[in-house]
């Protein structure tokens, strides 16, 4: 059996009045993958998801499902189903009726028998671990339970693609983590394509096979989570995904994928991400790449401003001549302490400095 | 689900027809009638004249009526609003568990009959009525007090009684729409309880106060039954009874119509006056979120 | 602080007493055995009810009022609900205009609407009848229906409709299986309010009824006479009919509220008013 559930988006544009929500988006989502759309609020990710679902129509462009153009199909005739951010459970129906709703919408001829419906509902409730709660009403469920019901309801028609619109963002932290793993398990069990919209980078990186980073209605980068984290393709992605420090500097020379930079009066080499010789640059350094240098050593000197405890490590926020800098240490350091900061050669990534927000720290 | 333009128009057609044929056309007709006059046989003569308006504006009696209307409608509106605000405040912030049942009680009272209330106030305040028999039974007085019935007070009491459930519900709705943290935040910033009420709670319910005040004022001024049955010789003459009289007794319909339009014009003045006053008092903010 | 809330509670209690005392007096004296309206009432009796039900004028008034109220409720709910959908689901200049226009009849005194209807009736030679009575009632009850249904349509989570579409429901199915069940309590509440308002209406009816006498008009004609204890019985009925209807509605909504389809019943009505 060939895998189904590939989605292709070709040159999709959408605007609301004068505001452009999506600008010429092209995207291939492989069949069976767990794909995340990651971006800040208002970046267009939910609009894109709704266009895939058929709940919104694109101004231009086409949507293909396994190679078939479905752009003009209404949502009820697409082989996709959706899990909504705030569950969108039908408040006047029991859990079982909610889950079974998708089986009752086909024409009378194609509708499954009552027995089959009951068994499919039971199967779905078991899949999400809620077999006992079929008779309850949505108002009697916790947030986590409600979202499981929403997942079961969306899966009952065996869609080739499950669309999830920030399904975990309304939940408490512990429930969120449990449900995250639950979603991974269901994905592995069913092999259905999952398209998962989120603004939470940890969530996107931890569960997806592929992540598409969106900004201002356009895709910045589509890659696997490690690549997104280790080699962000653009300054936006670098700032949005993961914590990091951005040092301002000047590009001395570029050779191959290496760039020789001058930062705070010292020369060092970093991976080139499109800088031009003689231009200004922003160099990304992840906190785990930086270390407190032995006394008098290191490339930079910084003053510790805050020291926060994270369980397995402490994170220092320091002020340096080239901007704020975050680094991780095993033992706490008192604020006010002067330290040397060092990093291995070839660790940083150099981006062209594109705006005046140099040094602004966009952690989370 | 958004509707197509055509379907929306289809859905609005019955309402449009109702507003056009049952409200706008009749009001236009009424306006036309206000420029007609009647002949000696009380027939309406459809020729243009402004004499009705001249009569209304010149006759001293009508000025007395206008004043009397104001002396009934203004206290009625004021008392209904103040009482309603107290009740609404209590229901919104102090009633606790009793809130649900008390709200139902208010809704039930709202459905109370207008005529039954008038009748009841007559029973209560009549010469041989309950209030007097109670007073006599308690030997507080030997002779009947004819004070309450057939007075402005009786009219105002009955009307306030009728409007209170309404103002309570409207103000309750606006008070519960105020985010719960605001009062606490104001208190936390050092505002006293009175200051919080004056500077936070009252302005945020300003729109409801404005609307409910006008609503009660208009209805009270246009009421033509309560003043007749509860008002005395000097206090039953209001715009409402005057207009109704033109239709049922005097049979001068064009004059009644012109009095009605003068009344509406005075209402417009009242709207502006209340708006200016509330703005000046800071009770009608332009932005309430 | 304690003392202040004690004062507020007392004032609130007195206001409740003020609202309810006259209503209770009507009901109490409706069942009074004596023919005097002085305190205390003289024993329990149904004599005034027997007396009043023996009168043809009363019985026909009750019939006329019930018919008018039922017809008004149905017509106002149909017109109002249809308009509410357009107003809540399509926001443009036209729908906004209709939304504020629909409030006009409530802002005008009933007397004004009454004499305006007389003007139209005189102009187009329409005789007063049951139809003109109902027209007057529909004018003032439709705005309430619109207010109630629009606020319900605006308050509920629209994504449930998207979810239903996504699960294969056609727009018609969404309307029948999701939207209508979810706004049913509001429509029902609007029906009840329209019925109650119409049943009690007298200020407009007085001008549009001609020789047809509704129950409130029957009471009005009795008010002109000297105090008549049988009026207490009629007034009791005027009170009890809407109360029973509203009471049943509240019970029904409370039963349904487990499903989360409705807000707390009284608050729904409160918002409506």
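The values are calculated or read from the model by the stated rules, or taken from the named source; none is laboratory data. Note that the coordinates shown come from a computational prediction; the quantities given were computed from them, not determined experimentally. Neighbour counts run over all protein chains shown; Cβ positions are idealised from the backbone, glycine included.
Key figures
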item	result
Yes/no for residue B:134 being farther than 17 Å from residue B:227 by Cβ, facing chain C (nearest Cβ under 9 Å), assigned to a helix (DSSP H, G or I) and modelled with pLDDT of 85 or more	no
Meets criteria (in a helix (DSSP H, G or I), over 24 Å from residue B:220 (Cβ atoms) and within 9 Å of chain A (Cβ to nearest Cβ)) for residue C:178	yes
Residues within region C:140-163 that are within 7 Å of another protein chain (Cβ to nearest Cβ) and either surrounded by fewer than 21 Cβ atoms within 10 Å (Cβ to Cβ) or without any contact (Cβ under 8 Å) to a residue 40 or more places away in the chain (or both), tallied	6
Subset of region C:90-109 (residues that are in contact (Cβ under 8 Å) with a residue 40 or more places away in the chain, within 24 Å of residue B:163 (Cα to Cα) and more than 7 Å from every other protein chain (Cβ to nearest Cβ))	C:103
Out of B:279, B:199, sole residue that is in contact (Cβ under 8 Å) with a residue 60 or more places away in the chain, surrounded by fewer than 17 Cβ atoms within 10 Å (Cβ to Cβ) and assigned to a helix (DSSP H, G or I)	B:199
Count - residues of region A:244-268 that are closer than 27 Å to residue A:317 by Cα and at pLDDT below 85	6
Matching option when the condition is surrounded by fewer than 17 Cβ atoms within 10 Å (Cβ to Cβ), within 24 Å of residue B:159 (Cα to Cα), modelled with pLDDT of 85 or more and within 12 Å of chain C (Cβ to nearest Cβ), among B:211, B:222, B:240	B:211
Answer residue from region C:191-212, given it is at pLDDT 90 or above and away from chain B (no Cβ under 13 Å) and is farthest from the chain's Cα centre (by Cα) among those	C:212
Residue match in region B:12-29 (condition: more than 14 Å from chain C (Cβ to nearest Cβ), surrounded by 15 or more Cβ atoms within 10 Å (Cβ to Cβ) and touching a helix residue (DSSP H, G or I) at 6+ places or on another chain (Cβ under 8 Å))	no
Region A:124-139, subset under 31 Å from the mean Cα position of the chain (by Cα) and within 13 Å of another protein chain (Cβ to nearest Cβ), residue farthest from residue A:181 (Cα to Cα)	A:139
Filter pass, residue C:8 being closer than 27 Å to residue B:110 by Cα, without any contact (Cβ under 8 Å) to a residue 24 or more places away in the chain and within 7 Å of chain B (Cβ to nearest Cβ)	yes
Test: residue in region C:23-31 that is surrounded by fewer than 16 Cβ atoms within 10 Å (Cβ to Cβ), on the phi < 0 side of the Ramachandran plot, in a helix (DSSP H, G or I) and within 12 Å of chain B (Cβ to nearest Cβ)	yes
Test set (1) within 12 Å of chain C (Cβ to nearest Cβ); (2) farther than 30 Å from residue C:34 by Cα - residue B:119 fails condition number	(2)
Elements of type strands (runs of 3 or more DSSP E) in region A:60-167, at least 2 residues being surrounded by fewer than 22 Cβ atoms within 10 Å (Cβ to Cβ)	A:60-65
Within region B:30-74, tally of residues that are more than 12 Å from every other protein chain (Cβ to nearest Cβ), surrounded by 15 or more Cβ atoms within 10 Å (Cβ to Cβ) and under 30 Å from residue B:157 (Cα atoms)	9
Residue count, region C:50-69 (criterion: loosely packed, with under 14 Cβ neighbours inside 10 Å and closer than 11 Å to residue C:199 by Cα)	1
Number of the exception - residue A:117 against (1) closer than 21 Å to residue C:162 by Cβ; (2) within 14 Å of another protein chain (Cβ to nearest Cβ); (3) free of Cβ contacts under 8 Å to residues at least 24 places away in the same chain	(1)
Set C:126, C:75, C:79, C:87: member being at pLDDT 90 or above, within 7 Å of another protein chain (Cβ to nearest Cβ) and either crowded, with 19+ Cβ neighbours inside 10 Å or outside any helix (DSSP H, G or I) (or both)	C:79
Subset of region C:90-99 [more than 21 Å from the chain's Cα centre (by Cα) and part of a helix (DSSP H, G or I)]	C:93, C:94, C:95, C:96, C:97, C:98
Condition met for residue B:235 (in contact (Cβ under 8 Å) with a residue 40 or more places away in the chain and part of a loop (DSSP other than H, G, I, E, B))	yes
